[in-house]
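S.K.: The structure under discussion is supplied below as structure tokens; questions concerning it will follow.
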Amino acid sequence: MTFAKLRHAVFLLVVGSVPVFAQTAPGTANRPTATATDTADLPEISTQEQTPSFQIKVNLVEIRAVVREGSGKAVGNLKQEDFVVLDDKKPQAITRFAVERYEVPSAPAAAQSSAASTSTDIRSHLAGAWRLTYLFDDFNSTANDLANAQKAADQAIDSLAPGELLAIYTLSGQVTQDFTDDKSVLRATVRQLQPRPRPGSSPGDCPPIDYYIADQIVSYSDVHALDVVTAEVIACQFDGHYNEQARLLARAAAVREVSLGESQGNIALHTFNDVVRRISSFAGQRTLVFLSPGFYIGRPQQQALTDALNRAIQSGVVVNTVDLRGAAPSPVFGTDISEKASGTSIAGVDMLKYKQDLSSAQSDPLMQMANATGGKTFRNSNDLSGGLRGLSAPPEFSYLLAFNPQNLQNDGKFHTLRVELKQASGYTVQARRGYYAPLPGGSSEQAKREVAEAVFAHDEIRELPVRVQTQFFRSGDDSAKVSVLVHVDVRRMQFKKTGGRNLNELTVVAALFDRNDNLVTAKSSTVKMHIKDETLDTKLDSGITVKSNFDVNPGNYLVRVVARDEQGKMLTQNEVVDIP
């Protein structure tokens, strides 16, 4: 199983089939109130899989800003009072502020000296290795795009510094290489890159239609776009003769294209989100370079991109982007010769206009990724090798600003953001251009992702009366078994009392990572408790134990346990297992 598939499987394991709960105050879980009749016949302790409904109210917007001099050098001596944040042109009160400094250690001694001299009001990202990630867009890239990207990546691999770790991923998930400093392995991985266009469409289709113009028809009810595609249908299917079926065929083609585009876009954004989450779990400097010719995302997918960028902002992951299209070509007149027909001359001109709009729309996600995270975008140049080298390091200084939007509605609307300096002093400010309010009912998905992310984090939280113990034994020369025992002191838990029963639910996830922090496998279980008063008082002195078993090879492992109850209290704990 590839790493991408394993990541996806674990995400579904933790998110898709296991109950997860919002962080609400005790007793405020969003679920129907149980009655004595509801609970009388329920077993006191049981294990099952389900997904209850719940909500989280988003009340904090985070912005990573980079301020640069005219020469492009990042500025790091500004204070909170120097900034102004505008949400839909309305000034906001900045509730959180931090300066983050990134330094490239040339040697361990130099790194320690630099860390010691860092000001106390600046967070210094020096702990851990310097980790660099290349994410290749093999969905939207042509063979020529990837050939140029491979050449640039080979040269960048040659120049990797000692101690610098590089990981390689693709949007399709077909090519992956986790963090390593082995240059031969990295070069071999780059050679595996190949275009993986989505099935179901080709340049010779009738009508010649792309995701962008199809989305204008389906999502934005663009009548003119439908007229243009209808003219294409008349030209390529009815030899230029009007047919009353042409408009129906044009709309059907648009619906089909939107379905295909959304499907691939969802996979791409899910992969991007997973890669961000993966590298967020590491300490130290994390830089993601996304190499793509650009891609179009529809309105529903914008929220998924915003969520991934929010995660990158919170984790200090800088995303730089490389536009593989290189220098902008001269304007194209006419249509692709692979297309059967170009409609009338008027429709052909209009179709060209939509294609030009598509080119601009494809660049927008690349700009969003860089602006939101304090990164840079390399575009309109054929020197991909130079661009890739220049994007390997994040800016030396960035600012993390946050504010609480007032009366934020769950309506999915876009809010324009602008970060300004009270005194510009010739500086330029790079920051995200906006955010989307939550969609109705969409906040539950965000909460599920937060639970999955806790598995990949390194911090430890102790809010539950839970004790973790690990055991192992050799079952053969090349095999072993690891047992993770999660003991719950039930009598010290908080319950919601209804009808003489004490109600709570506890989700326990045990994950196994190898010595390089690569996820090996994970298991999860949920304990549903409807415990009688008598049982709680007299029969549960020893608590309950949740056990997970893993079959592994001998080696060094990190066990990560995440437990969460219905009231939002959590325990996260790490245990090291060394099997000789």
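The values are calculated or read from the model by the stated rules, or taken from the named source; none is laboratory data. Computed from a predicted structure; not experimentally measured. Here the Cβ positions follow ideal geometry from the backbone for every residue, glycine too, while neighbour counts run over all protein chains shown.
S.K.: Would you mind stating whether Leu288 is at pLDDT 85 or above and under 25 Å from Asn516 (Cα atoms)?
M.R.: Judged against the criteria, Leu288 is a match.
S.K.: Residue check: is Ile234 of a type in the set (A, V, I, L, M, F, W, C) and either under 30 Å from Asp307 (Cβ atoms) or assigned to a loop (DSSP other than H, G, I, E, B) (or both)?
M.R.: no
S.K.: Enumerate the pairs (first residue in region 223-250 and more than 15 Å from Ile213 (Cα to Cα) and touching a residue at least 12 places away in the same chain (Cβ under 8 Å); second residue anywhere and surrounded by 14 or more Cβ atoms within 10 Å (Cβ to Cβ) and basic (Lys, Arg)) with beta-carbon separation below 9 Å, excluding pairs fewer than 6 apart on the same chain, so at least 6 apart or on different chains.
M.R.: Ala235/Lys340; Cys236/Lys340; Gln237/Lys340
S.K.: Something else about it: Is it the case that some residue within region 280-299 is in a helix (DSSP H, G or I) and farther than 27 Å from Val455 by Cβ?
M.R.: Looking for residues that are in a helix (DSSP H, G or I) and farther than 27 Å from Val455 by Cβ, one finds at least one in region 280-299, hence yes.
S.K.: Consider Ser184 carefully, then state whether it is farther than 27 Å from Arg256 by Cβ, out of contact with any Asp or Glu (no Cβ under 9 Å at 6 or more places or on another chain) and modelled with pLDDT under 90.
M.R.: The answer is no for Ser184.
S.K.: For region 303-326, what are the residues that are in a helix (DSSP H, G or I) and more than 16 Å from Thr377 (Cβ to Cβ)?
M.R.: Across region 303-326, the qualifying residues are Gln303, Ala304, Thr306, Asp307, Ala308, Asn310, Arg311, Ile313, Gln314, Ser315.
S.K.: Which pairs turn up if I take residues in region 380-408 that are in contact (Cβ under 8 Å) with a residue 60 or more places away in the chain and surrounded by 13 or more Cβ atoms within 10 Å (Cβ to Cβ) and look for partners that are in a loop (DSSP other than H, G, I, E, B) and hydroxyl-bearing (Ser, Thr, Tyr) with beta carbon separation below 9 Å, at least 6 apart in sequence or on another chain?
M.R.: Matching pairs, first to second residue: Gly387/Ser381; Arg389/Ser159; Ser392/Ser159.
S.K.: Could I ask something else about it? Within region 282-309, which residues are over 8 Å from the mean Cα position of the chain (by Cα), more than 24 Å from Ala214 (Cβ to Cβ) and buried (at least 18 other Cβ atoms within 10 Å of the Cβ)?
M.R.: Of everything in region 282-309, those that are over 8 Å from the mean Cα position of the chain (by Cα), more than 24 Å from Ala214 (Cβ to Cβ) and buried (at least 18 other Cβ atoms within 10 Å of the Cβ) turn out to be Phe282, Gln285, Arg286, Thr287, Leu288, Val289, Phe290, Leu291.
S.K.: Separate question: What strands (runs of 3 or more DSSP E) completely inside region 421-505 contain at least 2 residues that are modelled with pLDDT of 85 or more and touching a Phe, Trp or Tyr at 6+ places or on another chain (Cβ under 8 Å)?
M.R.: 479-488
S.K.: Taking region 470-506, which residues are farther than 18 Å from Ile45 by Cα and surrounded by fewer than 14 Cβ atoms within 10 Å (Cβ to Cβ)?
M.R.: Gln471, Phe473, Arg474, Ser475, Gly476, Asp477, Asp478, Ser479
S.K.: From the list Phe513, Phe495, which residue is aromatic (Phe, Trp, Tyr) and either under 23 Å from Val552 (Cβ atoms) or within 29 Å of the chain's Cα centre (by Cα) (or both)?
M.R.: Going through Phe513, Phe495 in turn, the sole match is Phe513.
S.K.: Restricting attention to region 512-534, which residues are outside any strand (DSSP E or B) and without any contact (Cβ under 8 Å) to a residue 40 or more places away in the chain?
M.R.: Result: Asp533, Glu534.
S.K.: Out of (1) out of contact with any Lys or Arg (no Cβ under 9 Å at 6 or more places or on another chain); (2) surrounded by fewer than 20 Cβ atoms within 10 Å (Cβ to Cβ), the odd one out for Ser263 is which?
M.R.: The number of the failed condition is (1).
S.K.: Continuing with the same structure: Checking Ala246 against (1) of a type in the set (Gly, Ala, Ser); (2) out of contact with any strand residue (DSSP E or B) (no Cβ under 7 Å at 6 or more places or on another chain); (3) at pLDDT below 85, which test does it fail?
M.R.: (3)
S.K.: Right, next: Could we say that Arg467 is more than 32 Å from the chain's Cα centre (by Cα) and touching a residue at least 12 places away in the same chain (Cβ under 8 Å) here?
M.R.: In short, no.
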